[in-house]
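What follows is calculated from the coordinates using simple rules that are stated; it is not laboratory data. Predicted, not measured: the structure shown is a model, and the values here were computed from it. Counting neighbours? That spans all protein chains shown, and the Cβs are built from the backbone with ideal geometry, glycine included.
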Amino acid sequence: MTELPGHPHIAFRGADLFIEDVRLGDLATAHGTPLFVYSKAAMLAALAAYQRGFAGRRATVCYAMKANPSLAVLQLFAQAGCGFDIVSGGELERVMAAGADPAKVIFSGVGKTRAEMRRALQAGIGCFNVESESELEVLSEVASACGVTAPVSIRVNPNVDAKTHPYISTGLKGNKFGVAHEHTLQAYRRAAQLPGLTVVGIDCHIGSQITDGAPYLDAMDRVLELVAAIEAAGIALHHIDFGGGLGIDYNGDRPPAADALWAQLFAKLDARGFGDRHFMVEPGRSLVGNAGVCLTEVLYLKPGEQKNFCIVDAAMNDLPRPAMYEAYHGIVPLSRRAGPSSTYDVVGPICESGDWLGRDRELSALPGDRLAVLSAGAYCMSMASNYNSRGRAAEVLVDGAKAHLIRERETVADQLRGERLLPAT
């Protein structure tokens, strides 16, 4: 057996690629391609690292479901004791449909609508992570009109560089997220005065795909300074929510392990006298990213003067990260073949030059062969679209030797449902 570095529970057994005890080629035959496949064991192993880091502490892991909101994935994490970090009313409905406890839901995001606030209050969520003073005012109005009290924390923007892609950096002054560090105490004083609100905590999230522990430590120093100042002003903070953002290994990346990172963070908390607080963390990508693959079939090999192209049936509507971020995903065959290889750009059939999945990849492939795009568990299906009127892929979750279809392939009829032609003239 040859394990793929950074991808637990995905390995070659002889010539064939397996996820847990299931041959991926068999799944491609049974369900077609493109196809997303996830490992239950890999997701639970990633969660276990956070749980080890929180051993002996009052803590809640709130899965950031924007990474992958499939109902079966949410169900798995709910059954494992997780809460959820949501950023829309639609995500709240998904959490509820998966059977999760709304009291363990935290609602983040800069643009919550009044309707979303009302629904979240009716559901009885655990906390609103408020991202502006104007949002405080609106939430106060909505909660008062509903005759309830909204539990709130304020998301702090600590102006810390997470050293990640600018599109997924969220903790700098130029980002749209959170309340500026220097205005946070003022915002807490206002929150404490407003009717319909009760202050319960503080929140900070600095970005995504972070592979260096230093930005977390810097941000925690700044947040703990604020905790001391806010409580000195007579406002109690019952929990500290330190967000998520821990990266995964896409291409030799070496992020710190979750348990090792939290050992460092708790050392700071204990030194400042805050180690007894209730802690929340919002991991997303680090729980699901390397638990998933996208299976795709080679359609054509197209040699060119400057580039050779391997054209596959998966595309940027299925895997948008390369087009959006120039992101790297490993690409390997489902069945290794002997023979010469060539260097290809792996591209999809969409009519955009940005429709590529991998550049300059050494592959031995023929039309009809199948490939696995690695690290596809996060921000792939969650951002998939119907561009070029392509149906979204099916999804399968593997548990040992069992494979469960958790989303059917989208049909053209599914896409057309809800659309209307103009009346006859």
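Shown in residue order for segment 107-124 are the 3J(HN,Hα) couplings computed by the Karplus curve 6.51 cos²θ - 1.76 cosθ + 1.60 at θ = phi - 60°: 10, 9, x, 7, x, 5, 8, 4, 5, 5, 4, 4, 5, 5, 5, 4, 6, x Hz (x for Gly and Pro).
Ordering 62-75, 376-389 by mean Cβ neighbour count within 10 Å, with the highest value first, yields 62-75, 376-389. For the options THR184, THR296, THR149, a Gaussian network treatment of the chain with springs between C-alpha atoms closer than 10 Å singles out THR149 as fluctuating the most. The slack between GLN193 and ASP16, meaning 0.36 nm per residue of separation minus the straight C-alpha distance, is 57.4 nm. Springs between Cα atoms under 10 Å define the GNM used for the chain, and in it the highest mean-square fluctuation of GLN264, GLN306, GLN193 occurs at GLN306. Only Cα pairs under 8 Å and 6+ residues apart enter the sum, and on that basis the relative contact order of segment 216-286 stands at 47 percent.
Which of the GluC sites (Glu not before Pro) found in segment 252-347 are loop residues per DSSP with 11 or fewer other Cβ atoms within 10 Å of their Cβ? Let's see the in-between values first.
Details: sites: GLU297, GLU305, GLU326; in loops: GLU305, GLU326.
Hits after loop and neighbour filter: GLU305, GLU326.
Computed on the chain, with alpha-carbon pairs under 8 angstrom and 6+ residues apart, the relative contact order is 19 percent.
How much length is gained on full extension from LEU217 to ARG119, taking 0.36 nm per residue of separation minus their Cα-Cα distance? Intermediate values should be presented prior to the final figure.
Details: separation 98, 0.36 × 98 = 35.28 nm, distance 3.56 nm.
Full extension from LEU217 to ARG119 adds 31.7 nm.
Computed over every Cα-Cα pair of the chain and binned at 10 Å starting from 0, the pair-distance distribution P(r) comes out as 4, 21, 29, 23, 14, 6, 1, 0 percent.
Taking label positions 7 Å along the Cα-Cβ direction at both SER144 and GLU3, the computed distance is 5.8 nm, reported to one decimal. Taking 17 Å as the cut-off, the amide N atoms of segment 351-376 that come nearer than this to a point 7 Å along the Cα-to-beta-carbon line of LYS307 belong to 351-363. Estimated at 0.36 nm per residue, the fully extended path between ALA401 and ARG420 surpasses their Cα-Cα distance by 2.4 nm.
So for segment 108-283, averaging the separation of alpha carbon pairs under 8 Å that are six or more residues apart and normalising by length, what relative contact order in percent results?
Numbers: 324 pairs, mean separation 34.7, N = 176.
Contact order relative to length: 20 percent.
Here is the list for segment 335-417: GluC sites (Glu not before Pro) lying in DSSP coil, each with at most 15 other C-beta atoms within 10 angstrom of its C-beta, are GLU352, GLU408, GLU410. On a 0 to 90° scale, report how tilted helix 40-53 is relative to the longest principal axis of the chain, with both axes built from alpha carbons and the result rounded to the nearest 10. The helix 40-53 is inclined about 30 degrees to the chain. With N as its number of residues, segment 108-283 has a Cα radius of gyration that, divided by 2.2 N^0.38 Å, comes to 1.04. Going from the fewest other Cβ atoms within 10 Å to the most, the residues CYS82, CYS127 appear in the order CYS82, CYS127. Here MET324 and ASP101 are evaluated by their C-beta separation; at R0 = 22 Å the FRET efficiency comes out at 0.10. Computed over the chain, the per-residue total of -39500 (n - 2.57) for DSSP H runs of n ≥ 4 gives a 222 nm mean residue ellipticity of -8500 deg cm²/dmol, rounded to 500. In order along segment 308-325, the Karplus-derived 3J(HN,Hα) couplings, from 6.51 cos²θ - 1.76 cosθ + 1.60 at θ = phi - 60°, round to 9, 10, 9, 8, 10, 8, 8, 8, 5, 6, 8, 10, x, 4, x, 5, 7, 10 Hz, and Gly and Pro are given as x.
Our note on the geometry: Cα centres of segment 53-115 and segment 360-393, 27 Å apart. The amide H of ILE350, built 1.01 Å from its N in the peptide plane, has MET316 as neighbours under 5 Å, considering only residues 5 or more places off or on other chains.
Residues in segment 77-94 carry Karplus couplings, in order, of 6, 4, 5, 8, x, 6, x, 9, 9, 10, 9, 7, x, x, 5, 4, 5, 5 Hz; the curve used is 6.51 cos²θ - 1.76 cosθ + 1.60 with θ = phi - 60°, and Gly or Pro positions show x.
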